[in-house]
Amino acid sequence: MSLFKARDWWSASLGENEEFDQGCLSVADVDNSESGQDKIIVGSYNGYLRIFSPHPQKTGDAIQAEDLFLEVQLRDPVLQVEVGKFVSGTELLHLAVLHPRKLCVYSVSGTLGNVEHGNQYQIKLMYEHNLQRTACNMTHGSFGGVKGRDLICIQSMDGMLMFFEQESYAFGRYLPGFLLPGPLRYSPRTDSFITVSSCQQVECYKYQVLAVATDADSKKETEQQKIGSGKRLLADWSLNIGEQALDISIVSFNNTVFSIFVLGERNFFCLKENGQIRFMKKLEYHPSCFLPYCSVNEGTINSLVGNHNNMLLVYQDVTLKWAAQLPHVPVAVKVANFQDMKGIIVTLSDSGQLQCSYLGTDPSLFQAPKVESRDINYEELDVEMKALQKIIKEASKTQDILPKTEKEDDLILTATVSSTLDPVSQAVDFALESEAVPSVTVKFCIRTKRQVQKTVLSITVPAFLATTQDQFIFNSIDQGIPKTASISVFLKGKCLPADLEGSAVASYSTPTGVPRIAQCKFRLPLRLICSPVQPSKAANHKLTIDTNKPPVNLINLFPDFIERTEDDQISVLGFQLLAGHKVTLLASKTSQRYRIQSEQFEDLWLITKELILRFEEYFLKQGIKDFTCSFSGQVPLQEYFDLIDQHFELRMNTEKYENLLSERAVQFRAIQRLLLTRFKDKTPAPLQNLDTLLDGTYRQVIGIADAAEELQNSLFRAFTKLKSATQLIILLIGLWQKLSKDQIAILEATFLPLLQDGQELGWEETVDAALSHLLRTCLSKSSKEQALNLTSQLSIPKDTTRLKKHITLLCDRLAKGGRLSLSADSGSQQAIVMPGENVETQDENEE
């Protein structure tokens, strides 16, 4: 038994298989009785109109016959019912019923009965308006400040506001930019209409502006008003809430400030009369209806909010004060005052469950049953004790120092890359001037199995790619409620990235305080760094990739670069790299070969890698698992060596400029000391042009520093190009010798040991040390080559001659059957080789 349930005061089930919605419920003294007791008016989409006057009943009792004042079947569906002063010449309340094509106003009256059947009630049609357009909803009020009567405004499905001054039609206005109808309410304080457009904006239109705007009979005429003469219809203010609205309510109680409440799909907004947000509440459920009402605390407003979890929640501003369980999902909620009970909550479900309830609690009547006495079985207890002691002993072993990894993580991080480029590029501060730099959206989703605190999401992309935002902080993530974040990635810089794979890491703490991380990788599209272009025949560098499957149409491999045509076979495709040269891909129509060619050697890498990845995806979709690629040509070591020399030359120039800058800085400080001594002397001596020398030295320091900074940027670009060429060489060696994934991983660790290089620890000496280790261990020819040498240290070499020899020697030994391995049995003895070890002897022997 739940303690927090809405206590049933009166309930009824309306009809069978009838449908109801938000506007089908109204509460008012519709028959103008002397007691002023509220009645419940309910209309249905099946055309039934019912009026109830509830009386208290015991739990389980059926509805009494006298509770139903009136039940009549109208010919048309009832969209909305409202009670107000709709008839001229009187201030009595009348009932307005909105049908899809008609508005009817009735008077409800009762006749005293002379027999035991009781009073008799009937409705009388006062007037009706036939509508030219299909109606959606309506609102009423004293438009324009009239007194003693209510006017009606009906919103049609095509966006026209139709105004009726009781028995006569006044005028009609089309809402600008209309697409779909939204909730509509009249604000008597500001004499304006509040609605929510399909652009997810709360909009306010003054009645005076609507009245004097140019009349229009169709949307086409309304659009023409923007160009022609006449007063245009403009919103007084608008506010973007970012979601569709379910309902709007205007609050103007005596002890509270004027407020506009808007119930969204996931949020609850309170606005001032000028459209500024007073406060908002983020809801953790899907609401179905709401009703603000007067609070006992001055300055605050209470709100009833129903949701799809059969709950009725009471908020005081943004603070949840009460939550009660309902037997149904409410689509409409009202507060009524009856003779025996005031402040009754009236709720209606979409299937016709009408309930009057109040909030309260019942004491729990549960009593724990008495425990039956039984004899203790000591043998069973001994067996259970031994089993538990065994489990404790296994769990408390000291050999498992590290905690065991769980099968599933508490936090799951996923990344989704958009299949298309952004319609409007988000690139900022890019260095390319002539080309339009595209961007692509990457969406991250974080799901948790339990609540975690202070989650930090960090995104990393390769060099020369940039993101609109690289870090997100979530203070708290609840269980079952995913958090999402979106970024855009674009090319930034006059150089191509060495890879198109980014990574994301989410660091968080478990409820017990243990720090954990979750990570994922995402692959960026090739269109981000290149665009389709006419192929070129001229190229300095060419590679040929062989496959073991029949030729594939390039349309199937690169559908994002080639438009679908009825042509048979497309065998040539051009790629224009945004920060590089043109790359051409040619497919042989008869053989199983594919050629990639370009003006720059390093530009071949990304296209070649993308080609092999798309080959694997294509054949995997075809169900073919034995697809392989091979490379039978000569490994282009000379082109690779040229890039190594360029990178090494920049390193040497950078070192020269750093030394020169250090010398000029020493000279500058020495001149400063001399000048300071001259200035402090009581009998100052001539400066002897020291000030001129100081100024000249300062200019030299600035010039050398600028040149050194530019060299650093050039060195970074050269290192990125070297990484691209290195990955291409590793790929070609792997295809050439058909190396396994483990052997390719050893090559990658050998040739790409650094994320970035510097003067203290550079790429050349690090790779040379790793190559020396491989040549003396798994690729050694004899045990003599496996000797210990612990005397050398890493230092920048004089030239790249020895590094080139070691790379050539590595390829030769792989061609002669050598295999890469880190295990101890790969050679006769695993040796420990320090960086810089000399292998000139075996190099000369093999030459």
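Numerical summary
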{"read-out": "Cα pair count fraction exceeding 18 Å, expressed as % - the stretch 483-629", "value": "64 percent"}
{"read-out": "Solvent-accessible area, 1.4 Å probe, carbon plus sulfur percent, for the chain", "value": "50 percent"}
{"read-out": "Chain lengthening between Thr214 and Val72 when straightened (0.36 nm per residue, less Cα-Cα)", "value": "47.0 nm"}
{"read-out": "Equivalent ellipsoid semi-axes - Cα gyration tensor, the stretch 650-710, angstrom", "value": "30, 10, 7"}
{"read-out": "Dipole of the stretch 622-665, positive direction: furthest Cα of Phe648, Gly633, Gly623, with charges on the beta-carbon", "value": "Gly623"}
{"read-out": "Rg/Rh (Cα only; Kirkwood hydrodynamic radius) as it applies to the stretch 592-670", "value": "1.34"}
{"read-out": "Mean projected area in nm² (Cα convex hull; one quarter of hull surface) for the chain", "value": "67.0 nm²"}
{"read-out": "Probe 1.4 Å - accessible area at Glu66, Å² to nearest ten", "value": "110 Å²"}
{"read-out": "Average projection area in nm² (convex hull over Cα atoms of the stretch 416-490, one quarter of hull surface)", "value": "6.0 nm²"}
{"read-out": "Selection from Ala466, Gln73, Pro292 lying farthest towards where the dipole of the chain points positive, charges on Cβ", "value": "Ala466"}
{"read-out": "Residue-level accessible surface for Arg185, protein heavy atoms, 1.4 Å, Å²", "value": "70 Å²"}
{"read-out": "Accessible area of Thr484 in the full protein assembly, 1.4 Å probe (Å², nearest 10)", "value": "80 Å²"}
{"read-out": "Stokes-Einstein D (µm²/s) once Rh is taken as the Kirkwood radius of the stretch 105-200 over alpha-carbon pairs, at 20 °C in 1.002 mPa s", "value": "137 µm²/s"}
{"read-out": "Hull shadow area, averaged, the stretch 1-107 [alpha-carbon convex hull, nm²]", "value": "8.7 nm²"}
{"read-out": "Dipole moment magnitude, nearest 20 debye, the chain about Cα centre, only Lys, Arg, Asp, Glu C-beta charged", "value": "1140 debye"}
{"read-out": "Accessible area in square angstrom per residue, the chain, 1.4 angstrom probe", "value": "54 Å²"}
{"read-out": "Long pairs among Lys281/Lys454; Lys281/Lys443; Lys492/Lys723; Lys449/Lys521; Lys39/Lys342, criterion Cα-Cα beyond 23 Å", "value": "Lys281/Lys443"}
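The values are calculated or read from the model by the stated rules, or taken from the named source; none is laboratory data. Predicted model, so just to flag it, every value in this text is computed and none were measured. Quick reminder, even Gly has a Cβ in these numbers, built from the backbone with ideal geometry, and neighbours come from all protein chains shown. We work out accessible area using only protein heavy atoms, side chains counted, and drop any ligands, DNA or RNA first. Shrake-Rupley method; radii C 1.70, N 1.55, O 1.52, S 1.80 Å.
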